1. Full extension from residue 114 to residue 48: what is 0.36 nm times the residue separation minus their Cα-Cα distance, to one decimal in nm?
2. Taking θ = phi - 60°, what integer Hz values does the Karplus form 6.51 cos²θ - 1.76 cosθ + 1.60 yield along region 197-214, in sequence order, with x for Gly and Pro?
3. Applying 1/(1 + (r/R0)^6) with R0 = 41 Å to the Cβ-Cβ distance of residue 23 and residue 247, what FRET efficiency is obtained, to the nearest 0.05?
4. So if I place +1 on the C-beta of Lys and Arg and -1 on the C-beta of Asp and Glu, and nothing else carries charge, what would the dipole magnitude of region 140-295 be about its Cα centre? I want it in debye, nearest 20.
5. Within a 10 angstrom radius of the beta carbon, how do 235, 93 rank from fewest other beta carbons to most?
6. In 10 Å bins starting at 0, how do the alpha-carbon pair distances of the chain split up by percent?
7. Would you mind computing, in nm to one decimal, how far apart the modelled labels at residue 182 and residue 261 are, each placed 7 Å from Cα along Cα→Cβ?
8. Hey, can you grab everything whose amide H is under 5 Å from the amide H of residue 28? Only 5+ residues off in sequence or another chain; H modelled, so Pro and N-termini drop out.
Amino acid sequence: MDVNAAAPEGLDRRAELSEFLRTRRARLQPQDVGLTGYGRHRRVPGLRREELAQLAGVSVAYYTRLEQGNGRNVSAEVLDSIARALRLSNAEHAHLTHLAKPTAHKKKRVAPTQTLRPALQHLLDAMETVPAYVGGRRSDILGWNRMATAVFGDWGALPREQRNWARLVFLDPAVRELFADTWDQKTSDMVSFLRMDAGCYPNDPQLSALVGELSVKSETFRKLWAAHDVREKGHGVKQLRHPLVGELTLSYETMRLDDDAEQYLVTYHAEPGSPSAEALRLLASWSAESPAGVR
């Protein structure tokens, strides 16, 4: 799919705000927030608007307007109160703020591509035994090293527009097999990251095109996108099923770049002396004998 051709103008920010608040409210029960739930037959899942407004200290009419997508002139203090009432995480709180109070730069179209500083590519190449890559907006893969190719596949053989984690995770059978043991978590993470991007840049036509493509081609994506979940993960452990060396248990670290917070460096490593560390050593040896992918 050519994301530059006839790309949609963007996502509907008001609809995004409305659905995000509705789904956050639906996941809470009165007893979760210290309220008494009268009767078994409640017409809505989770908290009523009246109950949420009471908890946040705002009028029902005011909250209703906000949940209908009208965040105009809402103050940071009110958003903080609503976030506390909804028990939002830090990532969810930031997402709510982006949706309710868009700033001027979000009204502009996002540049179609991001570029990687040559020095960063040199750094990646110097990490000869550590799988590493730099990602950007929309989960685009901007740069990587030889070990990342050995572990995740030859991104250099793909057209530039297909070097995207979300597209690979949902549409590439080989990637699904690689993450077979953690597939549900991987797909959930990818959708959460795209949701965060959508909050920051609702008018990005390439993001809208990507969401549209994945919605058409993947039922799993459609269900996860409708949930409106957002979160950020800076580190953790991935279980991989590699076609050459078998099971891999790798820890990852994510580091945002100071000069461009929308780019991030991700590194993977295995516990010293573990079977996964030996498997990485073998992959490093084999990859050293093969040419690096073209970037």
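Any read-out appearing in this document is the output of simple, stated calculations on the displayed coordinates, not a laboratory observation. All figures in this text were calculated on a predicted structure; none of them were measured in a lab. Glycine gets a Cβ as well: all are built from the backbone with ideal geometry, and neighbour counts include every protein chain shown.
1. Working: separation 66, 0.36 × 66 = 23.76 nm, distance 4.28 nm.
Additional length available on full extension: 19.5 nm.
2. Calculated HN-Hα couplings, in order: 4, 5, x, 6, 9, x, 9, 6, x, 5, 5, 4, 5, 5, 4, x, 4, 5 Hz.
3. Numbers: r = 36 Å, r/R0 = 0.87.
That pair, residue 23 with residue 247, gives E of 0.70.
4. Values: 17 positive and 23 negative charges, 61 e Å.
So the magnitude is around 300 debye.
5. On the way: 235 11, 93 17.
Fewest to most other Cβ atoms nearby, the residues stand as 235, 93.
6. 6, 25, 30, 22, 13, 5, 1
7. 2.6 nm
8. 47
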